[in-house]
Amino acid sequence: MSMTDPIADLLTRMRNAGMAKHETVDVPWSRLKENIMKVLVEEGYVRQIRRIQVDGQVQDTLRIHLKYDRDHRPVMSHLKRVSRPGRRVYLGYKDIQPLHRGLGTHVLSTPKGIIVDREAVKAKVGGELLCSIS
């Protein structure tokens with residue numbers, strides 16, 4: 001069965017794994033998910049990611065190693081899907097506002113690839129607002 005919103009599924013699995021204090025979470029691999037996760041690794045929200053092949057499965061799996069603080073609370077407290085298949089949200093670089101006064105991050109899909117809000121403003125490029133993380 002096909003999934004209508006794989007990015008929302010990715011964020012929900014990460015949110016649930018964080019609340020359950022799991023060290024890793026596995027999601028079906030796609031290039032878009034891998035690029036989003038690479039950005040989150042660079043920003044320090046996730047420890048590391050690996051693309052693995054699980055026995056008995058046709059599709060590859062993306063294993064995400066979550067990051068926690070000293071009190072074992074997830075580093076990502078809020079994961080929100082902004083642009084959805086039923087309602088796309090596009091922003092020009094002048095319309096991008098910092099999230100929580102710069103303590104959060106917006107992830108955008110732009111012609112320059114998947115980047116965070118600060119890089120989009122610096123490169124003067126807008127795009128689709130995929131999700132917000134704080």
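The numbers here are math on the coordinates, done by the rules we state, and not lab data. Since we're looking at a predicted model, the values are computed, not measured. Counting neighbours? That spans all protein chains shown, and the Cβs are built from the backbone with ideal geometry, glycine included.
Global size of the chain: 14.9, 48 Å for Rg and Dmax (C-alpha atoms, Rg to one decimal, Dmax whole).
Each peptide among 12-18, 127-133, 66-72, 26-32 gets the average number of other Cβ atoms lying within 10 Å of its residues, and from highest to lowest they stand as 127-133, 12-18, 26-32, 66-72. Once the Cα atoms of helix 31-43 and of the chain are each reduced to a long axis, what angle between those two axes, in degrees from 0 to 90 to the nearest 10, is obtained? So the inclination is approximately 70 degrees.
Distance check, please: which entries in K21/K80; K21/K122; K80/K112; K21/K112; K67/K94 exceed 28 angstrom between their Cα atoms? Pairs exceeding 28 Å: K21/K122; K21/K112; K67/K94.
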